[in-house]
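First up is the structure itself, then whatever we jot down about it.
Quick note: the coordinates plus some simple rules give every number you see, no bench work behind them. Keep in mind that what you see is a predicted model, and the values were worked out from it rather than measured. As a convention, Cβ positions derive from the backbone with ideal geometry for all residues, glycine included, and neighbour counts pool all protein chains shown.
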Amino acid sequence: MDIRFQPALLQEVIDSFIEKTEREGDPTYYKEFHELADPIYEKYTLEDREPEFKKLYQYLFGTWGFSDIINSAFDEYPILKERVGIVLIKGVLKEAEEGVDILRKWGAVEQDLAKQFEQKGLKGVGIKLIPRRFYDPALSRYCRHELMHIADMLDPEFGYDPDTKVGQNPGEETLILQRYRVLWSLYVDSRLERAGKEMMLTKQDRFKEFRSWYRKIPPPQLKSVFEGLWQTETFNHSELVEMATDTLRVMDRAIDVEGGEVPETQNKVMLMPGFPCPLCRFPTYSWVEDLDTKVEGYVLDFIRENHPGWDVQYGACDRCVEVYKLRADGVM
């Protein structure tokens, strides 16, 4: 497996690390750099310095242990070293741009080299990191977590499909994809905990993240649902998509735990923000729930007449409830 670092990233990591350590009172790295860099200025012309500095940054990046962090992360996943032909690591400016993914387009990899990988059935992996991440103690945890995602992607039993279509509108799609990300990360960290390895986030932090995306689940039930998810040993891509799409499928995973409550999900409908109203079919964030207690019976009957098969359990948006009340009263 070939690991390649973007030259600009190497320089940025070394320069920022030197600045950081010198600012903190440790001039060791500053002195070592200049002991090697100053002769380049003396011996080479301006045109010839660039390749020499490139070699210097590569040397220091390895000598100071930055490349070992990535190598060690892959050592934890022998299956990746068998199935991945090349790893391209480049720098980004913002944390939001960071990530690890399978290369669907080879991009910077030479075409001849790309063909060699494809002929052998090998994949390419792209890693995007901000430079200061390399001297952040959390980098090992981050790589361990993200590489398990990659291992899942390459596992036929997981059945990862990046082209899966979700949602009936952009708002619903965003919600489902965010929930999918939360569920998959929960699945990754739960396996790392069982393996006795340091996780990216603690179990408690994963619970808080899960809770923020499933606010419709009552707190006692939420605890039982989360614990059921955490203790599940295997999920696949389709199951995660299904749970991200349908809250009831998540609630089906609940188990008995102290202080928790196993929900009754049979024949229950969850009214999720951003999902389409069953009457007007438009996405809504303003559901009217408990219609049988909040809306007059004759209005509900009028809605049923106009929408055969609909019932109060399916809910309706506040706009539709208002409109159908006016129609039932003969105003519209």
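Taking one quarter of the surface of the convex hull spanned by the alpha-carbon atoms of the stretch 207-246 gives a direction-averaged projected area of 2.9 nm². Look at the alpha carbon pairs under 8 Å that are at least 6 residues apart: their mean separation over the length of the stretch 117-207 gives a relative contact order of 28 percent. Highest GNM mean-square fluctuation, the chain, Cα pairs closer than 10 Å: which of Tyr59, Tyr142, Tyr187? The residue that fluctuates most here is Tyr59.
Kirkwood radius and radius of gyration were both taken over the C-alpha atoms of the stretch 287-328, and their ratio Rg/Rh is 0.89. Calculated FRET efficiency, His34 to Glu95, Cβ-Cβ distance, R0 = 22 Å: about 0.10 to the nearest 0.05. Nearest 0.05, what FRET efficiency do Glu173 and Lys54 give at R0 = 35 Å with Cβ-Cβ as r? Once the sixth-power term is evaluated, E becomes 0.20.
The residues neighbouring Phe17, those whose beta-carbon lies less than 12 Å from its own, together hold a net charge of -4 under the Lys/Arg +1, Asp/Glu -1 convention. The sum of -39500 (n - 2.57) across all DSSP H runs of n ≥ 4, divided by the residue count of the chain, sets its helix-only mean residue ellipticity at 222 nm to -16500 deg cm²/dmol.
Taking Cα atoms only, the orientation of helix 7-23 departs from the longest principal axis of the chain by about 80 degrees. Relative intensity of the stretch 2-141 on a log10 scale, I(q)/I(0) at q = 0.19 Å⁻¹, equals -1.18, per a Debye sum over C-alpha point scatterers of equal strength in the absence of solvent. The angle between the Cα long axis of helix 219-231 and the longest principal axis of the Cα atoms of the chain comes to about 50 degrees, rounded to the nearest 10. Can you tell me which of Arg144, Arg249, Arg191 moves the most in a GNM of the chain? Springs connect C-alpha atoms under 10 Å apart. Of the options given, Arg249 has the highest mean-square fluctuation. When only Cα pairs below 8 angstrom with a gap of at least 6 residues are kept, the chain shows a relative contact order of 12 percent. Relative to the dominant Cα principal axis of the chain, helix 46-63 is inclined by about 70°.
Each peptide in 38-51, 205-218 gets a packing score, the mean of other Cβ atoms within 10 Å over its residues, and the list from highest to lowest is 205-218, 38-51.
A Förster radius of 56 Å, combined with the Cβ-Cβ distance separating Glu47 from Leu201, puts the computed FRET efficiency at roughly 0.70. Taking the square roots of 5 times each eigenvalue of the Cα gyration tensor of the chain, largest first, gives ellipsoid semi-axes of 53, 22, 20 Å. Remark: the Asp329-Lys20 segment gains 104.0 nm on full extension, using 0.36 nm per residue and subtracting the alpha carbon distance.
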